[in-house]
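Asker: Take this structure first; my questions come after.
Quick note: the coordinates plus some simple rules give every number you see, no bench work behind them. For clarity, every value in this text was computed on a predicted model and none was experimentally measured. In this analysis, Cβ positions are derived from the backbone assuming ideal geometry, glycine residues included, and neighbour counts consider all displayed protein chains.
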């Protein structure tokens, strides 16, 4: 017994030594920045002066939540997230279902489909900015050749947000289809064989078998993409820079402007924690959905 206890203590000590470098890295790149930004959010720190500013309590949070532009950016972010994730989920499932039925050449088709996902978001923004250019873009040229009228896709306040959503759906749908295809491939065959024997059609099979079995996968895929959409910054910066006006100004871009244009780092830190709370609330909601019977 004494020997086994000594071995157990030694194993735990060795595990702690092995985990120590990783824990130090996590503390350096995650815990410390979070703690420091939390402290900043309760001060009036700005980049015009050195060191921490004076303690102001919840003033930065109250100012952010009463700011008309920040509230509008919250609504824009949620609208962008909901619409883009819904389209990505629908198109991703459709592509995954088609690929799941393909016998030969599935790898080739999938390699072609995932190309947008492999391109960096900045490069995607630059590509589509050129394609949708109101005067030099190929999209308006094709529309005019077909007898239509070209549009200012990212220069019109009524079209800019929809253009960003379209670009995001184009790039991120392959990621969604990859996750969904992994779930479809792993589904058991027995329920489908039983459904065929019972005479169920494809619609009944989808609603009674496929959808319930795919529910955990769909929830996880939706959660991952929702978190990514809530944090969108680079696409907005490259394509519209929050314009025209503030029609595409999402929370992350508003935080960037507050920190590096207006130099109010304390208020920007408070806005960042409001965004973090929104992400955490959505994550908790999806986790509870996945655990529900």
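Asker: Taking only pairs six or more apart or across chains, which ones have beta-carbon atoms under 9 Å, a first residue in the stretch 86-112 that is touching a residue at least 60 places away in the same chain (Cβ under 8 Å), and a second residue that is exposed (fewer than 13 other Cβ atoms within 10 Å of the Cβ) and not in a helix (DSSP H, G or I)?
Answerer: 110/102
Asker: Another question, then. Got a number for residues in the stretch 159-206 being in contact (Cβ under 8 Å) with a residue 12 or more places away in the chain and within 23 Å of the chain's Cα centre (by Cα)?
Answerer: Final tally of qualifying residues: 23.
Asker: Just to verify a result, which residue in the stretch 37-54, among those that are surrounded by fewer than 11 Cβ atoms within 10 Å (Cβ to Cβ) and free of Cβ contacts under 8 Å to residues at least 40 places away in the same chain, is nearest to residue 263 (Cα to Cα)?
Answerer: Quick first cut of the stretch 37-54, residues surrounded by fewer than 11 Cβ atoms within 10 Å (Cβ to Cβ) only: 48-51, 54.
Those left that are additionally free of Cβ contacts under 8 Å to residues at least 40 places away in the same chain: 49-51, 54.
Working: 49: 10, 50: 12, 51: 13, 54: 15 Å.
Per the stated criteria, the residue is 49.
Asker: A further question follows. Can you tell me which of 62, 30, 82 is surrounded by fewer than 16 Cβ atoms within 10 Å (Cβ to Cβ) and under 30 Å from residue 211 (Cβ atoms)? Let's see the steps before the verdict.
Answerer: Working: 62 fails: under 30 Å from residue 211 (Cβ atoms); 30 fails: under 30 Å from residue 211 (Cβ atoms).
When all the criteria are applied, what remains is 82.
Asker: Which residue, of 209, 282, is more than 17 Å from residue 65 (Cβ to Cβ), in contact (Cβ under 8 Å) with a residue 12 or more places away in the chain and within 20 Å of the chain's Cα centre (by Cα)? Write out each step before concluding.
Answerer: On the way: 209 fails: within 20 Å of the chain's Cα centre (by Cα).
Checking each option against the conditions leaves just 282.
Asker: Follow-up question, since we're still on this one. Of 49, 37, which residue is under 24 Å from the mean Cα position of the chain (by Cα) and on the phi < 0 side of the Ramachandran plot?
Answerer: Details: 49 fails: under 24 Å from the mean Cα position of the chain (by Cα).
After ruling out the rest, the residue left standing is 37.
Asker: Now for a separate question. So how many residues does the stretch 118-134 have that are farther than 18 Å from residue 233 by Cβ and in contact (Cβ under 8 Å) with a residue 12 or more places away in the chain?
Answerer: Number of matching residues: 2.
Asker: Just the residues that are part of a loop (DSSP other than H, G, I, E, B) and farther than 19 Å from residue 78 by Cα, please, taken from the stretch 155-174.
Answerer: Restricting attention to the stretch 155-174, the residues satisfying the condition of being part of a loop (DSSP other than H, G, I, E, B) are 155-159.
Result: 155, 156.
Asker: Restricting the search to the stretch 244-273, which residues are in a loop (DSSP other than H, G, I, E, B) and buried (at least 20 other Cβ atoms within 10 Å of the Cβ)?
Answerer: Answer for the stretch 244-273, where residues must be in a loop (DSSP other than H, G, I, E, B) and buried (at least 20 other Cβ atoms within 10 Å of the Cβ): 248, 249, 250, 264.
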